[in-house]
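Novice: Here it is: the structure, laid out below.
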Amino acid sequence: MSSQDIPEENLPEEQAAAHGAAGHGGTATVTKHADDNPFHDPGLPAHKPRIQDIDEKAAKRSERTVAVLFMLSMLATVAFIACFVIFPIDKLVYIWPFGRVSALNFSLGWTLGAALFFIGAGAVHWARTLMSDEEIADDRHPIEASPEVKAKVMADFRQGAEESGMGRRKLIRNTMFGALALVPLTGVVLLRDLGPLPEKKLRKTLWAKGKQLINMNTHEPLRPEDITVGSLVFAMPEGLKEDDHNFQIEIGKAALMLVRIQPDDIKDKRELEWSHEGVVAFSKVCTHVGCPISLYEQQTHHVLCPCHQSTFDLSDGARVIFGPAGHPLPQLRIGVNAQGNLEALGDFEEPVGASFWERG
């Protein structure tokens, strides 16, 4: 640092002169002007009025612009509801550069985004062109609110409400209220995705009397000799194909697993009656949250759900012996038809999968 960068009062010569004067009984006084302070607070710049502050026509144009933005938000909300009703959930469209996308998801995203954007854009334009933009410095005060502070807050609120023009600019106020009133309807419409009500759909599957058990790997009808002791075989109802439109929905209820247990090892009387030569068929869908069960321990006849470790004893009516599942796996009554293939003798007697509140 050079001597030119050091204030004069800090230079050695000036300090010596000051000490000398003090040593001879004199008084050294250093005067520091505010203009010499490099950190002097310059204060707020002078307020410059906007064109809307001095020209009522310009203010009206800004008012109409804000109103148009709010009305565009209302139109976007109406479009959101219309798209939800018009587009089926499985409709795909090609949109460059996104490629093939869901028409429903794409339209809902853009219309809801537009509705929220136009509300925000209208509010910003309103604040920047019509509300007061004069900057005011306010000193820090103690945290507690004194009566004077409360009175000042209320006065500032009333002043802000007056300066915002809410009272006299009715077009902006009414269109803003309209936009804000319509936007929540998007959330109400989305509640439709929680339905329709399941009615009896969760209680019934594709299994019915006479339907053959089809091997899910070979797609051939299963015979009793195909299932050996210690093996685990998965089956689906006859007539259900993997390329069916509703395959995932139906297999989620009708998926079946079969094991062969020595009849003497079966502890549950009904399970033995509903089996065929030791071949038992149970729902593959875990009764906790509906995960597919796929782990089988042949010595203990236990099956394990890999999701949350619910364990079922297939030799004792598939009762729950461990884990969070609430009830046993439903059993399907099976027999053999004239061709020697395994067939269902009816549907499950209780709903498959996880519990639901209508189950009772």
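Novice: Charges at C-beta only: +1 for Lys and Arg, -1 for Asp and Glu. How large is the resulting dipole of the stretch 54-130 about its Cα centre, in Debye rounded to 20? Kindly include the intermediate steps, with their values, before the conclusion.
Specialist: Values: 7 positive and 4 negative charges, 24 e Å.
It comes to approximately 120 debye.
Novice: Across the stretch 45-57, in residue order, what do the Karplus-derived ³J(HN,Hα) couplings come to in whole Hz, using 6.51 cos²θ - 1.76 cosθ + 1.60 with θ = phi - 60° and x for Gly and Pro?
Specialist: Using θ = phi - 60°, the values come out as x, 4, 6, 10, x, 7, 5, 5, 6, 10, 10, 5, 5 Hz.
Novice: Find the accessible area per residue for the stretch 54-130; the probe is 1.4 Å, ligands and nucleic acids are left out, and the unit is Å². Before the final figure, lay out the partial values.
Specialist: On the way: 4570 Å² over 77 residues.
Ligands and nucleic acids excluded, the result is 59 Å² per residue.
Novice: Of the options 255, 293, 320, report the single residue whose Cα projects farthest towards the positive end of the charge dipole of the stretch 221-360 (beta-carbon charges: Lys, Arg +1; Asp, Glu -1).
Specialist: Of 255, 293, 320, it is 320.
Novice: Taking Cα extents along the principal axes in Å as the quantity of interest, determine which of [x] 126, 66, 49; [y] 65, 59, 33; [z] 59, 41, 39 was computed from the displayed structure.
Specialist: The value matching this structure is [x].
Novice: Still on this structure, I have one more. Counting heavy atoms of the protein chains only and a 1.4 Å probe, report the per residue accessible area for the stretch 253-294 as a whole number of Å². Walk me through the numbers on the way to the answer.
Specialist: Details: 1700 Å² over 42 residues.
Solvent-accessible surface per residue comes out at 41 Å².
Novice: Mind listing the long-range amide H neighbours of residue 334? Cut-off is under 5 Å, sequence gap 5 or more, other chains count too, H placed in the peptide plane at 1.01 Å from N.
Specialist: Answer set, sorted by chain and number: 345.
Novice: Determine the order of 98, 39 by accessible area, beginning with the largest, at a probe radius of 1.4 Å. Don't jump to the answer; show the numbers that get you there.
Specialist: Numbers: 98 115, 39 175 Å².
In descending accessible area the options line up as 39, 98.
Novice: Kindly write out, for the stretch 238-245 in residue order, the coupling ³J(HN,Hα) from the Karplus curve 6.51 cos²θ - 1.76 cosθ + 1.60 (θ = phi - 60°), rounded to whole Hz, with x marking Gly and Pro.
Specialist: Each residue of the stretch 238-245 in turn: 4, x, 8, 10, 5, 8, 5, 4 Hz.
Novice: For the chain, what does the helix formula give at 222 nm: sum of -39500 (n - 2.57) over DSSP H segments with n ≥ 4, over the residue count, nearest 500 deg cm²/dmol? Before the final figure, lay out each step's value.
Specialist: Values: 9 runs with 125 residues, N = 360.
Estimated from H runs of four or more residues: -11000 deg cm²/dmol.
Novice: Follow-up question, since we're still on this one. Angle between the Cα long axis of helix 170-182 and the longest principal axis of the chain, 0 to 90 degrees, nearest 10?
Specialist: For 170-182 against the chain, the angle is about 30 degrees.
Novice: Let me ask something else. For residue 262 and residue 156, compute 0.36 nm times the residue count separating them, minus their Cα-Cα distance, and round to one decimal in nm.
Specialist: Stretched out fully, the residue 262 to residue 156 stretch lengthens by 29.6 nm.
Novice: Any chance you could run the full-extension gain for residue 110 through residue 75? It's 0.36 nm times the residue separation minus the Cα-Cα distance, nm to one decimal. It would help to have the intermediate numbers written out before the result.
Specialist: Details: separation 35, 0.36 × 35 = 12.60 nm, distance 1.24 nm.
Extending this stretch completely gives an extra 11.4 nm.
Novice: Using a 1.4 angstrom probe on heavy atoms only, work out the carbon and sulfur share of the accessible area of the stretch 82-213 in %. Present the calculation step by step, with values, prior to reporting the outcome.
Specialist: Working: 6270 of 9600 Å².
That fraction is 65 percent.
Novice: Output the pairs from 211/269; 209/269; 204/269; 211/241; 209/253 with a Cα-Cα distance over 19 Å in this structure; if there are none, say none.
Specialist: Numbers: 211/269 24 Å; 209/269 21 Å; 204/269 24 Å; 211/241 14 Å; 209/253 16 Å.
211/269; 209/269; 204/269, as the Cα separations exceed 19 Å there.
Novice: Let me ask something else about it. Using only the alpha-carbon atoms, how far is helix 147-164 inclined from the longest principal axis of the chain? Give it as 0 to 90 degrees, nearest 10.
Specialist: With both axes taken from Cα atoms, the answer is about 80 degrees.
Novice: From the phi of every residue in the stretch 82-98, what ³J(HN,Hα) in whole Hz does the Karplus formula 6.51 cos²θ - 1.76 cosθ + 1.60 yield, where θ is phi - 60° and glycine or proline is x?
Specialist: Values, residue by residue: 5, 4, 4, 7, 7, 7, x, 5, 9, 7, 10, 10, 9, 10, 6, x, 7 Hz.
Novice: Continuing with this model, one more query. Can you give the angle from 0 to 90° between the axis of helix 12-23 and the longest principal axis of the chain, with both taken from C-alpha atoms, to the nearest 10?
Specialist: 60
Novice: Ignoring ligands and nucleic acids, what accessible area does residue 186 show with a 1.4 Å probe (Å², nearest 10)?
Specialist: So the heavy atoms of residue 186 present about 10 Å² to solvent.
Novice: Given charges of +1 on the Cβ of Lys and Arg and -1 on the Cβ of Asp and Glu, with all other atoms neutral, how large is the dipole of the chain about its Cα centre, in debye to the nearest 20? Please report the intermediate quantities before stating the final value.
Specialist: Working: 36 positive and 47 negative charges, 421 e Å.
About 2020 debye.
Novice: Whenever you get a sec, line up 74, 236 from highest to lowest accessible area (probe 1.4 Å, protein heavy atoms). Present the calculation step by step, with values, prior to reporting the outcome.
Specialist: Numbers: 74 45, 236 5 Å².
Descending order: 74, 236.
Novice: Still on this structure, I have one more. Cysteines of the chain lacking any other cysteine beta carbon under 4.7 Å?
Specialist: Here 83 come out as lacking a disulfide-compatible partner, given the Cβ-Cβ threshold of under 4.7 Å.
Novice: For the full complex of protein chains and a 1.4 angstrom probe, list 283, 355 by accessible area with the highest value first. All intermediate terms of the calculation are to be shown ahead of the outcome.
Specialist: Numbers: 283 0, 355 75 Å².
Highest to lowest solvent-accessible surface, that is 355, 283.
The values are calculated or read from the model by the stated rules, or taken from the named source; none is laboratory data. Quick caveat: nothing in here was measured; it's all calculated off a predicted structure. Virtual Cβ from ideal backbone geometry, glycine too; neighbours counted across all protein chains shown. These area figures cover heavy atoms from the full protein model, side chains too; ligands, DNA and RNA do not enter into them. Shrake-Rupley method; radii C 1.70, N 1.55, O 1.52, S 1.80 Å.
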